[in-house]
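Participant: Have a look at this one before I ask anything.
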Amino acid sequence: MIGIIPNSREMRKLLTGKGLKPTYQRLMIIDYLSKHKENHLTAEMIYNALTDKMPMLSMTTVYNTLGSLLNAGLVSAITITGTEIRYGFITKPHHHFLCRGCGSIIDISVTCPVAERKVIDGNRVEEIHGYFKGLCKKCLRKRRKQKGPSSCLNSIRRNKHERASRKSTG
């Protein structure tokens, strides 16, 4: 049954290297996460994607497996939306951008001057999370097309005028 998983040898090695038993469920979940690195999946998304292949899979198994993988350092978890935990296969420190238009979460590369420090003001740093929120380039393009070029220029002029007004009254 495990033979149907692509890269199962690599995934088995990954799990056993962290002291985890390479169960079918763990192999399927970590394999799915590795193939969807850019998606930052919820436990529900993983469950829904795998239940066709694994009809006996339960949400509890998904949550328990994700917890084991997280504790072993094989996956990372982020709570950028404030309402759900998203899991990713990339475990090296990196930052995230949440698009307020479409809801996508994008890995971004930003140099953080304190990210390499293990102690800050006497406090031991164990995790660093950098979250940025705004509109992704796809949503920006979509909005520009909908509004047209003159609308974008008016918006820029309006923002400049508002900033200038605040400076003169502040």
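Derivation of every value follows stated rules applied to the coordinates shown; laboratory data play no part. Model, not experiment: these values are computed from the prediction. So basically every Cβ, Gly included, is an ideal-geometry build from the backbone, and we count neighbours across all protein chains shown.
Participant: Taking region 34-80, which trypsin sites (Lys or Arg not before Pro) meet the DSSP loop condition and have no more than 12 other C-beta atoms within 10 Å? Intermediate results must be reported in sequence, preceding the final value.
Facilitator: Working: sites: LYS35, LYS37, LYS53; in loops: LYS53.
Filter output for region 34-80: LYS53.
Participant: Could you give each residue of region 40-51 its phi-based ³J(HN,Hα) in whole Hz, using Karplus coefficients 6.51, -1.76, 1.60 with θ = phi - 60°, and x for Gly or Pro?
Facilitator: For region 40-51, the Karplus-derived couplings read 6, 8, 8, 4, 5, 4, 5, 4, 4, 6, 9, 5 Hz, x marking Gly and Pro.
Participant: Need the full-extension length gain, SER109 to LEU135, defined as separation in residues times 0.36 nm minus the C-alpha distance. One decimal, nm.
Facilitator: Working: separation 26, 0.36 × 26 = 9.36 nm, distance 1.66 nm.
Extra length available between SER109 and LEU135 comes to 7.7 nm.
Participant: Based on a Kirkwood Rh over C-alpha pairs, give the Stokes-Einstein translational diffusion coefficient of region 2-134 at 10 °C and viscosity 1.306 mPa s in µm²/s. Could you put the intermediate results ahead of the total?
Facilitator: Numbers: Rh = 16.1 Å.
So the translational diffusion coefficient is about 99 µm²/s.
Participant: Taking amide H atoms as placed 1.01 Å from N in the peptide plane, list the residues 5 or more away in sequence, or in a different chain, whose amide H sits under 5 Å from that of LEU41.
Facilitator: For LEU41, the qualifying residues are TYR87.
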